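Asks: Quick one: structure below, then a few questions.
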Amino acid sequence: MKAVCWHGSQDVRVDTVPDPKILNPHDAIIKVTSTAICGSDLHLYDGYIPTMQSGDILGHEFMGEVVETGPEVTNLKQGDRVVVPFTISCGNCFFCNRDLWSLCDNTNTNAWMAEKFYGHSPAGLFGYSHLLGGYAGGQAEYVRVPFANVGPLKVPDGLSDEQVLFLTDIFPTGYMAAENCDIQPGEVVAVWGCGPVGQFAIRSAMMLGAERVIAIDRIPERLALAEAAGAEIINYEEMDAGVALKEMTGGIGPDCCIDAVGMEAHGTGAMALYDTVKQAVRMETGRAMVLRQAIVACRKGGKVSVPGVYGGFIDKMPMGAFVNKGLTMRSGQTHVHKYLRPLLERIRNGDIDPTFLITHRLPLEEAPHAYKIFRDKEENCIKVVLKPFATTPELAGAAT
Amino acid sequence: MENAMSTQTPASKQAGDLERWASIIGGGAMVLTGLQRRSLKGILTAIAGGGLVYQGTQGKSTLKQVEDAAGLDHAIRVEKTVTINRPAADLYAFWRDLTNLPTFMRHLQSVQVIDDRTSHWVANAPLGQAIEWDAVIVNDEPNHLIAWTSTDDAPIENSGFVRFRPSAGDRGTEVKVVMEYQPPGGMLGTAIAKLFGEEPEQQIGDELHRFKQLMEAGEIATIEGQPKGG
């Protein structure tokens with residue numbers, strides 16, 4: 001089969017590899033009909049996530065059709081159309097039982113490695129480094145899905161791939177980011193980053209009752225998309241976002257601050273340069289401009305939510321501000337399984353149409369180009385969906 | 001306390017020691033810390049035999065004899081605990097059928113049960129070799145503790161125990177493994193050192209992880225055999 005493989009920093013290729021096989025009793029094999037490139041894939045693309053190996057198959061946002069099931073998979077059959085959470089969860093451990101699916105104890109094949117980094121191991125993820133299990137990802141024609149009895153959600157008839165594909169990661173991730181803010185009536189939510197997760201965080205914050213949402217980015221088309229959703233916007237290249245937020249909130253600061261950027265933040269000024277240089281020589285693993293700004297901007301007693309990905313260490317954490325302003329911070333890889341059904345309902349009842357995000361529909365073969373334009377934000381790229389089995393007319397047709 | 005100041009008789013002191021060790025093994029959180037430089041094998045055997053095994057020589061405390069017997073300088077000692085979301089009885093039952101152990105202990109080829117106490121172990125060694133030994137269960141407390149030690153003719157002296165204890169707050173069972181190896185010198189010693197890895201603690205930790213996966217999730221997570229680009 002064809003698969004998008006990582007070969008090094010900014011080197012992804014479409015390789016021909018063996019088809020996946022059932023390896024464990026709870027496995028299923030999925031024929032991938034749609035798969036997206038995630039912002040967090042760019043951290044792999046840029047070489048900031050350790051323990052990638054040349055040849056690793058990328059991709060953790062994918063859906064498709066069940067073609068084979070292991071002997072213990074009783075809830076799926078050949079031909080079922082499913083979306084698959086990017087987190088792999090056993091369904092039986094302490095954490096799965098408490099809806100903390102991304103913290104599953106039993107799915108990281110390299111738990112010992114994660115324990116050395118983090119003290120404890122989170123769940124295994126598709127296509128996201130050997131530190132997190134080394135599972136082959138779904139930017140491929142076929143993919144093996146472990147614990148298929150637990151993760152995949154059958155898609156009801158009448159919903160297209162594009163309507164439900166983002167249930168695999170970015171919609172639940174943006175939603176959990178907003179939920180982690182525990183938004184109260186009348187509250188103002190600031191969202192740093194108007195990429196895909198930021199866009200879903202903005203819309204989720206509104207669904208969860210935010211009175212105002214302020215979106216911060218520098219890319220005009222992304223800010224426009226935020227504005228279209230009803231957010232007020234700050235282009236941080238035109239003004240100091242910290243100052244603007246204070247002015248826009250009567251000096252109080254936003255009640256809730258969401259860092260939907262993570263470890264590869266861009267910024268302006270000396271601190272941004274400091275981080276860029278230090279990360280480039282691998283002296284810190286994350287450029288934490290956004291997180292710092294969020295903590296300083298947040299109102300006293302406010303809430304900071306971090307859906308953005310950080311893999312290791314950051315510098316100059318403003319701990320003094322965090323402590324003295326009495327802030328609360330919440331984070332975590334998304335507990336996708338918890339959100340699949342409620343968010344599917346949101347899509348069905350018309351609260352949201354996730355297709356607003358898609359700017360590019362491409363065949364799998366064009367993945368290397370897609371990674372490049374997504375990374376460099378060329379061609380107004382916001383979200384790429386790869387369709388391994390679509391014909392050219394289908395791709396062209398879907399785009400209209 | 002091991003001097004003239006002590007008012008205890010040697011026999012009662014010995015009994016006190018054994019009691020303390022039994023309580024460490026039966027319930028201590030940090031077993032190796034508690035045992036310090038005493039041989040696990042000696043203590044397991046002493047507890048099993050009510051102290052008689054090591055009472056032979058006059059004038060020597062149990063502790064001293066155990067130290068003599070051990071030569072702990074070269075011993076590899078490991079202690080590792082994992083919490084598994086299953087009742088102790090299930091975990092004990094799976095482990096007590098020693099033939100199950102190779103399913104989650106990768107270095108083992110097979111364990112053959114000879115009788116209720118005795119078993120024959122075959123482990124993979126480097127270069128396609130195998131190492132074999134017999135082991136005896138010296139303590140078997142259903143649903144709580146299994147302790148074993150290798151027989152005298154084993155090429156590698158090894159002892160250990162696994163302990164199952166209900167954990168706080170409905171989280172299942174704490175499973176603790178404590179092991180001690182005495183690798184011999186020479187080529188065989190080197191081979192055995194490789195067998196148990198450069199980081200035995202990580203290896204035991206990995207094995208306990210796999211045991212947990214099997215018991216909680218019904219399978220051991222793997223990526224062996226999945227596709228990969230060239």
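This table checks each residue for (1) surrounded by 19 or more Cβ atoms within 10 Å (Cβ to Cβ); (2) without any contact (Cβ under 8 Å) to a residue 60 or more places away in the chain; (3) out of contact with any Asp or Glu (no Cβ under 7 Å at 6 or more places or on another chain).
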site: A:Cys38; (1), (2), (3): yes, no, no
site: A:Gln53; (1), (2), (3): no, no, yes
site: A:Leu58; (1), (2), (3): yes, no, no
site: A:Cys90; (1), (2), (3): yes, no, no
site: A:Ser102; (1), (2), (3): yes, no, yes
site: A:Gly119; (1), (2), (3): no, yes, yes
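Asks: Residues of segment A:78-98 being more than 12 Å from chain B (Cβ to nearest Cβ) and not polar (S, T, N, Q), which ones? Before the answer, list the steps.
Replies: Taking segment A:78-98 as the starting set, the residues that turn out to be more than 12 Å from chain B (Cβ to nearest Cβ) are A:78-87.
Within segment A:78-98, A:Gly79, A:Asp80, A:Arg81, A:Val82, A:Val83, A:Val84, A:Pro85, A:Phe86 meet the criteria.
Asks: Mind checking whether some residue in segment A:190-209 is more than 19 Å from the chain's Cα centre (by Cα), touching a residue at least 40 places away in the same chain (Cβ under 8 Å) and crowded, with 19+ Cβ neighbours inside 10 Å?
Replies: No, that holds for no residue.
Asks: Still on this model: Could you grab me the full set of residues in segment A:104-117 that are at pLDDT below 95 and either surrounded by 24 or more Cβ atoms within 10 Å (Cβ to Cβ) or not small (Gly, Ala, Ser) (or both)?
Replies: Restricting attention to segment A:104-117, the residues satisfying the condition of being at pLDDT below 95 are A:110-117.
Within segment A:104-117, A:Asn110, A:Ala111, A:Trp112, A:Met113, A:Glu115, A:Lys116, A:Phe117 meet the criteria.
Asks: What pairs come out if I take residues in segment B:136-150 that are in contact (Cβ under 8 Å) with a residue 40 or more places away in the chain and outside the structural domain of B:Thr81 (by TED's automatic domain parsing) and pair them with residues that are crowded, with 18+ Cβ neighbours inside 10 Å and among the β-branched types (Val, Ile, Thr) whose C-beta lies under 8 Å away, six or more apart or interchain?
Replies: Every condition considered, no pair remains.
Asks: Next question, about the same structure. Just checking, does segment B:77-93 include any residue being in a strand (DSSP E or B), at pLDDT 85 or above and of a type in the set (Gly, Ala, Ser)?
Replies: No, the conditions are met nowhere in segment B:77-93.
Asks: Next question. Which of the numbered conditions does B:Tyr181 fail, given that it passes all the others? Conditions: (1) modelled with pLDDT of 85 or more; (2) in a strand (DSSP E or B).
Replies: Answer for B:Tyr181: the failing condition is (1).
Asks: Now a separate question. Please enumerate the residues belonging to segment A:39-97 that are at positive phi and either among the β-branched types (Val, Ile, Thr) or outside the structural domain of A:Leu344 (by TED's automatic domain parsing) (or both).
Replies: A:Thr51
Asks: For segment B:28-42, name all the residues that are surrounded by 18 or more Cβ atoms within 10 Å (Cβ to Cβ) and either under 21 Å from B:Ser150 (Cα atoms) or of a type in the set (S, T, N, Q) (or both). Can you show your working first?
Replies: First pass over segment B:28-42, keeping only residues surrounded by 18 or more Cβ atoms within 10 Å (Cβ to Cβ): B:28, B:31, B:35, B:38-42.
Hits for segment B:28-42 are B:Val31, B:Leu35, B:Arg38, B:Ser39, B:Leu40, B:Lys41, B:Gly42.
Asks: How many of the residues making up segment A:99-137 are in a loop (DSSP other than H, G, I, E, B), away from chain B (no Cβ under 12 Å) and on the phi < 0 side of the Ramachandran plot?
Replies: Number satisfying all stated conditions: 3.
Asks: Taking the residues in segment A:144-165 that are away from chain B (no Cβ under 14 Å) and part of a loop (DSSP other than H, G, I, E, B) as candidates, determine which candidate is nearest to A:Arg361 (Cα to Cα). Quick ask: steps written out before the conclusion?
Replies: Going through segment A:144-165, the residues away from chain B (no Cβ under 14 Å) turn out to be A:152-165.
From what's left, part of a loop (DSSP other than H, G, I, E, B): A:152, A:155-160.
Numbers: A:Pro152: 23, A:Val155: 21, A:Pro156: 23, A:Asp157: 22, A:Gly158: 20, A:Leu159: 18, A:Ser160: 14 Å.
The extreme case among them is A:Ser160.
Asks: Please specify each residue of segment A:45-68 satisfying the condition of being within 14 Å of chain B (Cβ to nearest Cβ) and under 19 Å from A:Thr87 (Cα atoms).
Replies: A:Thr51, A:Met52, A:Asp56, A:Ile57, A:Leu58, A:Gly59
Asks: Within segment A:199-213, can you find the residues that are in contact with an Asp or Glu (Cβ under 7 Å, 6 or more places away or on another chain) and either closer than 18 Å to A:Gly262 by Cα or not aliphatic (A, V, I, L, M) (or both)?
Replies: Listed by number, the residues that qualify are A:Glu211, A:Arg212.
Asks: What is the one condition in (1) surrounded by 15 or more Cβ atoms within 10 Å (Cβ to Cβ); (2) in a helix (DSSP H, G or I); (3) in contact (Cβ under 8 Å) with a residue 40 or more places away in the chain that A:Ile314 does not satisfy?
Replies: So the condition that A:Ile314 fails would be (2).
Asks: Can you pull out every residue in segment A:371-400 that is surrounded by 19 or more Cβ atoms within 10 Å (Cβ to Cβ) and under 24 Å from A:Leu159 (Cβ atoms)?
Replies: Scanning segment A:371-400 gives A:Ile382, A:Lys383, A:Val384, A:Val385, A:Leu386, A:Lys387, A:Pro388, A:Ala390.
Asks: Confirm whether A:Ala36 is away from every other protein chain (no Cβ under 14 Å) and not polar (S, T, N, Q). Steps first, please.
Replies: Values: away from every other protein chain (no Cβ under 14 Å): yes; not polar (S, T, N, Q): yes.
Against the criterion (away from every other protein chain (no Cβ under 14 Å) and not polar (S, T, N, Q)), A:Ala36 qualifies.
Asks: Moving on to the next point. Report every pair of residues separated by at least 6 positions or lying on different chains whose Cβ atoms are under 9 Å apart, first residue within segment B:13-42 and in contact (Cβ under 8 Å) with a residue 12 or more places away in the chain, second in a loop (DSSP other than H, G, I, E, B) and aliphatic (A, V, I, L, M).
Replies: What qualifies is B:Lys13/B:Met1; B:Ser39/B:Ala75; B:Leu40/B:Ala75.
Asks: Could you pull out the residue among B:Asn85, B:Asn158 that is touching a residue at least 12 places away in the same chain (Cβ under 8 Å) and in contact with a Cys (Cβ under 8 Å, 6 or more places away or on another chain)?
Replies: Details: B:Asn158 fails: in contact with a Cys (Cβ under 8 Å, 6 or more places away or on another chain).
Just a single option satisfies the conditions, and that option is B:Asn85.
Asks: Let me ask something additional. Any idea which residue in segment A:141-154 is surrounded by the most Cβ atoms within 10 Å (Cβ to Cβ), counting only those that are hydrophobic (A, V, I, L, M, F, W, C) and in contact with a Leu (Cβ under 8 Å, 6 or more places away or on another chain)?
Replies: Among those residues, the one meeting the criterion is A:Ala148.
Asks: Going by what's in this entry, would B:Arg163 be described as basic (Lys, Arg), at pLDDT 95 or above and assigned to a helix (DSSP H, G or I)? Before the answer, list the steps.
Replies: Details: basic (Lys, Arg): yes; at pLDDT 95 or above: yes; assigned to a helix (DSSP H, G or I): no.
Judged against the criteria, B:Arg163 is not a match.
Asks: Keeping to segment A:243-265, report how many residues are crowded, with 17+ Cβ neighbours inside 10 Å, out of contact with any Leu (no Cβ under 7 Å at 6 or more places or on another chain) and not in a strand (DSSP E or B).
Replies: Counting residues in segment A:243-265 that are crowded, with 17+ Cβ neighbours inside 10 Å, out of contact with any Leu (no Cβ under 7 Å at 6 or more places or on another chain) and not in a strand (DSSP E or B) gives 11.
Asks: Given the residues A:His7, A:His26, which is the only one that is buried (at least 20 other Cβ atoms within 10 Å of the Cβ) and either out of contact with any Cys (no Cβ under 9 Å at 6 or more places or on another chain) or within 9 Å of chain B (Cβ to nearest Cβ) (or both)?
Replies: Details: A:His7 fails: buried (at least 20 other Cβ atoms within 10 Å of the Cβ).
After ruling out the rest, the residue left standing is A:His26.
Asks: If A:Pro18 satisfies every condition in (1) over 13 Å from A:Ala136 (Cβ atoms); (2) assigned to a loop (DSSP other than H, G, I, E, B); (3) without any contact (Cβ under 8 Å) to a residue 40 or more places away in the chain; (4) within 13 Å of chain B (Cβ to nearest Cβ) but one, which is the exception?
Replies: A:Pro18 satisfies every listed condition except (1).
The values are calculated or read from the model by the stated rules, or taken from the named source; none is laboratory data. The model shown is predicted, which means the values in this text are computed figures rather than measured ones. When we count neighbours, we look across all protein chains shown, and the Cβ atoms used for this are built from the backbone with ideal geometry, even at glycine.
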